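Undergrad: Below is the structure I would like to discuss, written out as C-alpha cells.
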Amino acid sequence: MNQRDTSLFGSKPGILWWDRGGEWRFVSATESANPAMSDLLQYVEPEWVADMPEDAQFITLPGTDRYLPLEDTPQLYLGFASLGEKVWANPELSVSELAELALEFTREYGAIEGGTHLTLKDIIDEAQTVAWMVKSYLAVGSTAEAPEAGEKFWQRAIAKYGEGIAQYKETQLPPGSDAEKRFMSSMVEHFTNDHLKTHTVWQQVRVVFGDDPSQQPGFEPSYEPASLRGAIWVQFASLLMRESVLRRCEYDKCHKIFEAPSPKSRHEYCPTPALEKDGCQVKAKNQRRYARRRSNQLQASIQKDGE
C-alpha cells in the first residue's frame with residue numbers, strides 16, 4: 001500500500017486515522033447496469049489523484065476529512081448496527097436499495113475496510129451480524145428490551161444456522177431460563193472474539209495520567225484496530241466489558257438504540273451534541289407542547305360551541 005492509499009485507509013496500529021466523506025460507488029466486474037451483491041466498493045478518484053506517482057506524499061482525498069473513529073465516533077457500532085437492523089427488518093429490499101444504505105453509511109463514516117475487494121455482500125453481512133449481536137446483548141440484560149430482543153436473537157440464529165438450532169432451543173433451553181441466557185452470552189462471546197481476531201485488533205498498553213501531577217502514571221489495556229471494521233468490534237467489546245446499558249430513544253419518530261452515559265442515568269433520548277438545537281429531547285418537548293396547545297384549542301372550541 002503506497003502513501004497515497006494510506007491516507008484513505010488508515011495507519012499503522014497505535015493510532016487509527018480514517019477518512020470519511022467523498023464519493024463512493026459499487027462497481028460491477030461485468031459492467032452490468034443492475035447492481036449485484038458481488039459488486040466492489042470503490043472511492044471515485046478524480047483523474048489528477050489517480051495519476052499521482054506512487055511515492056506521492058500524504059494527501060486528503062477530495063471531499064473527505066480525516067478523523068479518529070474510536071475517539072470522534074464512540075457509538076459508531078450502533079450506527080453500523082442501525083444499517084443491519086434496516087436489512088433484518090426489510091428482507092424485501094432490492095440490491096439497489098441495499099447499495100444505497102451501504103453508501104450512506106460509507107459517506108458518513110468511511111469504508112469499513114481498506115483495499116479494493118470489499119463487496120456489497122461483505123458490508124451487508126457484517127452490518128447484520130453487528131445488529132444481531134447488539135440485540136443479543138439486549139436479550140441477556142434486564143431491561144424492558146430483553147423479551148423482544150430474545151425473540152430477535154432466535155429468529156436470526158435460525159436464519160443463520162437452520163432449524164437444527166431451533167430444535168436445540170426447544171429441547172435444551174427453556175424460554176427465560178439461565179441456560180438460555182448462558183447460551184446467548186456464549187454466542188456473543190464467540191462472535192466478538194472471532195471478529196476481533198479476523199479483523200486484526202492489537203492488544204496494547206496505554207499510559208494513564210491522573211489529575212494530580214505528582215501521581216505516578218498508570219497503565220491500562222488498549223485495543224487498536226487496523227480498520228473501521230475492527231473499530232466497530234472494539235467498541236462493541238468495550239460495551240460488553242463496561243456492562244453499559246442500551247436504551248431505545250423515547251421520541252416516537254426516532255426509537256433508535258443508544259448507549260446510556262451510565263447504568264443509573266435517566267436519559268430517555270438519544271445523546272445530543274452541545275451545539276445541536278434539534279435533538280430528540282428537544283423535538284419530543286416541542287411535540288408535547290404542540291399537543292397541549294392543540295388540546296387546549298379543542299377544549300376552548302367545544303366550550304364555545306356549547307354556549
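The values are calculated or read from the model by the stated rules, or taken from the named source; none is laboratory data. These numbers come from a predicted model, not from an experiment. Cβ sites come from the backbone with ideal geometry, for glycine too, and all protein chains shown count toward neighbours. Heads up: the accessible areas ignore ligands, DNA and RNA and are worked out on the full protein's heavy atoms, side chains in. Shrake-Rupley method; radii C 1.70, N 1.55, O 1.52, S 1.80 Å.
Undergrad: Report, ordered by the first and then the second residue, all pairs with beta carbons closer than 7 Å, sequence separation of six or more or different chains, a first member in region 175-189 that is hydroxyl-bearing (Ser, Thr, Tyr), and a second member that is not in a helix (DSSP H, G or I).
TA: Close Cβ pairs (under 7 Å, with a partner that is not in a helix (DSSP H, G or I)) amount to SER185/VAL140.
Undergrad: Consider GLU148 carefully, then state whether it is at pLDDT 95 or above and not in a loop (DSSP other than H, G, I, E, B).
TA: Working: at pLDDT 95 or above: no; not in a loop (DSSP other than H, G, I, E, B): yes.
When the stated conditions are applied, GLU148 does not pass them.
Undergrad: Restricting attention to region 177-205, and to residues there that are touching a helix residue (DSSP H, G or I) at 6+ places or on another chain (Cβ under 8 Å) and at pLDDT below 90, which single residue is farthest from GLN235 (Cα to Cα)?
TA: Among residues in region 177-205 that are touching a helix residue (DSSP H, G or I) at 6+ places or on another chain (Cβ under 8 Å) and at pLDDT below 90, the one farthest from GLN235 (Cα to Cα) is THR200.
Undergrad: Among the residues of region 64-78, are any under 18 Å from PRO225 (Cα atoms), among the hydroxyl-bearing types (Ser, Thr, Tyr) and without any contact (Cβ under 8 Å) to a residue 40 or more places away in the chain?
TA: Initially, region 64-78 is screened for residues under 18 Å from PRO225 (Cα atoms), giving 66-78.
Imposing the further condition that a residue be among the hydroxyl-bearing types (Ser, Thr, Tyr) reduces the set to 67, 73, 77.
Checking the rest, the ones that are also without any contact (Cβ under 8 Å) to a residue 40 or more places away in the chain come to 73.
Scanning region 64-78, I find at least one residue that is under 18 Å from PRO225 (Cα atoms), among the hydroxyl-bearing types (Ser, Thr, Tyr) and without any contact (Cβ under 8 Å) to a residue 40 or more places away in the chain, so the answer is yes.
Undergrad: Condition first: open to solvent by 60 Å² or more (accessible area, probe 1.4 Å), modelled with pLDDT under 95 and not in a helix (DSSP H, G or I). Can you find one or more residues in region 115-125 that meet it?
TA: yes
Undergrad: Hey, among GLU92, GLU100, GLU54, which residue is modelled with pLDDT of 95 or more and assigned to a loop (DSSP other than H, G, I, E, B)?
TA: On the way: GLU100 fails: assigned to a loop (DSSP other than H, G, I, E, B); GLU54 fails: modelled with pLDDT of 95 or more.
The match here is GLU92.
Undergrad: Could you run through region 35-63 and say how many residues are farther than 26 Å from ALA231 by Cα and either open to solvent by less than 20 Å² (accessible area, probe 1.4 Å) or acidic (Asp, Glu) (or both)?
TA: Going through region 35-63 one residue at a time, the tally reaches 6.
Undergrad: What is the number of the single condition among (1) surrounded by 14 or more Cβ atoms within 10 Å (Cβ to Cβ); (2) within 14 Å of MET133 (Cα to Cα) that GLU151 does not meet?
TA: The failed condition is (1).
Undergrad: Considering only region 195-233, how many residues are among the polar types (S, T, N, Q) and buried (at least 20 other Cβ atoms within 10 Å of the Cβ)?
TA: If we filter region 195-233 for residues that are among the polar types (S, T, N, Q), which is where we start, we get 198, 200, 203-204, 214-216, 222, 227.
With the extra rule that they be buried (at least 20 other Cβ atoms within 10 Å of the Cβ), the set shrinks to 227.
Summing the residues that are among the polar types (S, T, N, Q) and buried (at least 20 other Cβ atoms within 10 Å of the Cβ) in region 195-233 gives 1.
Undergrad: If I go through region 177-194 residue by residue, how many of them are under 27 Å from the mean Cα position of the chain (by Cα), surrounded by fewer than 13 Cβ atoms within 10 Å (Cβ to Cβ) and either in a loop (DSSP other than H, G, I, E, B) or among the basic types (Lys, Arg) (or both)?
TA: Number satisfying all stated conditions: 1.
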